[in-house]
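Chemist: I am attaching a structure below and will ask some questions about it afterwards.
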Amino acid sequence: MSLSILSEDFRLKLAKNGIPEISEEQLALLKALKSGQDFLFEAFEPAEIIALNTLYLIDKIQADETELLPRALVFCSDIDTCFELEAIINSLAKFSGLVTLVTHDKGKKIQQRNDLYSGCDIVIGNARRICELYFQNGINLKNLKLISIIDANTIVAGGGLTPIMRLKESIIKCQKLVFYSEDNAKIETLLQDFPVNPRVVSKN
């Protein structure tokens, strides 16, 4: 998908999935993201966060049938957001071949691990379960291209900081996006150690 020219058909799909018309500012951000630089997004509205993540994931992560290993990890603060993001990606990227998988604490770990072994392109879930699956050899990160942390304030307040920082030690270089509402001590810890020379985009 070319981000510079969004077809009318694609725009209609966006509207059907609750994503409003893409603004020039959002298009500029999507083009900037393609540089591969790490980004921090402060005080963005939830709808904007979902839109940016969905469009960028579809553009950056292309289906690869030769080696179906995760190329994107998306950390969400709650199960509803996990399934919302998965549903929108699956709707917009229909027929693309992209395979998404949701992993979370309320799901069966063994089943999730089996699903990972079957292969996927994008893993969406909470920090604790993604970390558990990785350290139990359930997630192969050698092809990882992107990590996105949605609603970082809620994630770190709920105990997600430690799993993310543990996982960071094992991650090869990849692009990192962090969406947060406000600065505090825990967010500072995440921002100091996780992204590398990030560009900051703030709505404040």
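Chemist: Would you point out which residue out of GLY119, GLY125 is over 20 Å from PHE44 (Cα atoms), out of contact with any helix residue (DSSP H, G or I) (no Cβ under 9 Å at 6 or more places or on another chain) and of a type outside the set (Val, Ile, Thr)?
Modeler: Numbers: GLY125 fails: out of contact with any helix residue (DSSP H, G or I) (no Cβ under 9 Å at 6 or more places or on another chain).
So the residue among GLY119, GLY125 that is over 20 Å from PHE44 (Cα atoms), out of contact with any helix residue (DSSP H, G or I) (no Cβ under 9 Å at 6 or more places or on another chain) and of a type outside the set (Val, Ile, Thr) is GLY119.
Chemist: Oh, and also: For region 165-174, state whether one or more residues are of a type in the set (Asp, Glu), assigned to a loop (DSSP other than H, G, I, E, B) and in contact (Cβ under 8 Å) with a residue 40 or more places away in the chain.
Modeler: no
Chemist: Looking at region 129-146 only, could you name the residues that are farther than 13 Å from CYS82 by Cβ and part of a helix (DSSP H, G or I)?
Modeler: Across region 129-146, the qualifying residues are CYS131, GLU132, LEU133, TYR134, PHE135.
Chemist: Could you give me the residue pairs with C-beta distances under 9 Å whose first residue belongs to region 109-122 and is free of Cβ contacts under 8 Å to residues at least 12 places away in the same chain, whose second residue is of a type in the set (Phe, Trp, Tyr) wherever it lies, and which are 6+ apart or on separate chains?
Modeler: none
Yes/no per residue for (1) of a type outside the set (Lys, Arg); (2) under 13 Å from LEU177 (Cα atoms); (3) out of contact with any Gly (no Cβ under 9 Å at 6 or more places or on another chain):
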residue	(1), (2), (3)
ALA15	yes, no, yes
ALA32	yes, yes, yes
GLU42	yes, yes, yes
PRO46	yes, no, yes
LEU52	yes, yes, yes
ILE61	yes, no, yes
ASP64	yes, no, no
LEU68	yes, no, no
CYS76	yes, yes, no
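Chemist: Kindly indicate the residue of region 87-121 that is within 23 Å of ILE171 (Cα to Cα) and among the charged types (D, E, K, R) and also surrounded by the fewest Cβ atoms within 10 Å (Cβ to Cβ) among those meeting that condition.
Modeler: For region 87-121, the residue satisfying everything is ASP105.
None of the figures in this text is laboratory data; all of them are computed from the coordinates on show. Quick caveat: nothing in here was measured; it's all calculated off a predicted structure. Here the Cβ is made from the backbone with ideal geometry for all residues, glycine too, and neighbour counts use every protein chain on show.
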